[in-house]
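Can you keep this structure in mind? I'll have questions shortly.
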Amino acid sequence: MKRKLNGCLVLSIAIMTLLLLCCAAASAGGTLHIPEGTTRIESQAFIGVKPTYVEFPAGITYIASDAFGSYKSFTGIGPTGTYAETWCKNKNIPYATPKYHALLIGNYDYVYQNDLRGVYYDLQAMQNTLKTLPQNWDITVFRNQTASGILNAIKSTFSGTNSYDVFLFYYSGHGDNSTGYSAGSLVGYNCSGYDDLVYPSQLASYLNTYCPGRVLVLLDSCGSGSYVYPNGEEPEDASPKNFTQAVTSAFSAYNSDDTNLPNTGELLNGSKFTVLAACAHGQTSSGAYLDIEDGEVWFYYGSVFTYGLVRSLGCAYPSGNYSGYMPADANGDSKLTLAEAYYGIHYYKVYMDNLYAPYADYPGEPWSEQIVQMAGASNSVIFSR
């Protein structure tokens, strides 16, 4: 489907992958993730647990000397200048700080499909917004890629990284909102039918292979809710609301990187992927842009989803200018969780509905049909300031 606003194409699609600022999951029984908010690790809390990495949040203020028994064959992971770093170094335990890798891909200049003017600005908005964050993101941008170009970009950008690094993948461009086997696929700029698509299973495979840590996937594409069901098929009782918490089927095969370790009640049960999708299975992801028709000036925006995410992080679209606070940060802890982002994007989606209500095809109906979807731990931190 394609949605138009007074003759202007307003379809905008984006798949983004930001990632949990809790570092990475190890592939073979490897990483112990201490959840955000933990301040103390008491005596023998992890006795008998033998991880390769231990991820410490910045707020740790006490770690018992025997918290891991006599086991020291792990690497501590976390921010610099923290209590956990000092504790590790005093015990001659290696300590490493994760690097932040962002890959932004935007397809807007299509050969056989409608061009997407807003995607150009979506890329600007995401890049500018990331630069306001304190993690020093290493940002790589690709424009107008074929399906193979998208996959090769993942490979070239993320190869050689560490399992405790942080990864962000963002895609803005056409997506398939059909109900067939290609549902949810990313559309290469040279696609004339089904010849230039990145299928969900391919995307999951490449991200799993070349991103050794956790990956948060944000989908702002038509049909992006298809990622929560195999082959684009919904169960009979499916509705847009009840699959917002579902785990994406294409990615679920890779959600086995974290093992439930004994005596680790403080730990989050992490998974490889965390996902936000702009719309439900079969829905359209909408966008708009400034235009002038018959002397009337239109507001400019790119995709509704990207606009909502950027504004939730407290930045202007598309300049990325930071306002000084994150509107979606409900508890004021300078961290944006998956749930906070979900509700923030929904808030701005409603804002867009109201803004464009006078120009909607059917007065009284939402201008944008999309219903945001999410999959993963709702308290996962996806951005922090």
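Each reported figure results from applying straightforward, stated rules to the coordinates on display, with no laboratory input. Remember, predicted model here, so these are calculated numbers, not experimental data. Don't worry about glycine lacking a Cβ; one is built from the backbone with ideal geometry, like all the others, and counts go over all protein chains shown.
Taking the mean number of other Cβ atoms within 10 Å as a proxy for protection, how do you rank 105-113, 162-170, 56-64 from highest to lowest?
By packing density, highest mean first, the sequence is 162-170, 105-113, 56-64.
Here's another thing I want to ask about it. Given the pairs 131/349; 50/91; 131/335; 272/335, which are separated by over 18 angstrom at their Cα positions?
131/349; 272/335
Return the Cα extents of the range 54-196 along principal axes one, two and three, sorted largest first, each rounded to a whole Å.
63, 32, 26
So what's the net charge close to residue 188: Lys and Arg +1, Asp and Glu -1, counting the other residues with Cβ under 12 Å from its Cβ?
Around residue 188, the surrounding residues sum to -4.
Once you order the gyration tensor axes a ≥ b ≥ c over the Cα atoms, which shape class does the range 25-97 get: rounded for a/c under 1.5, otherwise prolate or oblate by comparing a/b with b/c? Walk me through the numbers on the way to the answer.
On the way: a/c = 1.28, a/b = 1.11, b/c = 1.15.
It comes out rounded by the Cα gyration axes.
Once the other residues with Cβ under 10 Å from the Cβ of residue 328 are scored (Lys, Arg +1; Asp, Glu -1), what is the net sum?
-1
Calculate the spin-label point distance for residue 112 paired with residue 64, positioning each point 7 Å from the Cα along the beta-carbon direction, and give it in nanometres.
6.5
Could you compute the net charge surrounding residue 98? Neighbours are other residues with a C-beta less than 13 Å from the C-beta of residue 98; K and R count +1, D and E count -1.
For residues surrounding residue 98, the net value is -2.
Can you give the FRET efficiency to the nearest 0.05 for residue 52 and residue 83, using r as the Cβ-Cβ distance and R₀ = 30 Å?
Using R0 = 30 Å, I get an efficiency of 0.90.
Got the relative contact order for the range 25-97 handy, in percent, Cα pairs under 8 Å and 6 or more residues apart?
In percent, rounded to a whole number, it is 28.
To continue, here is another question. So for each of 373-384, 91-102, 311-322 I average, over its residues, the number of other beta carbons within 10 Å; can you give me the resulting order with the highest mean first? List each step's numbers first, then the result.
Numbers: 373-384: 22.1, 91-102: 17.0, 311-322: 19.7.
Answer by packing, highest mean first, reads 373-384, 311-322, 91-102.
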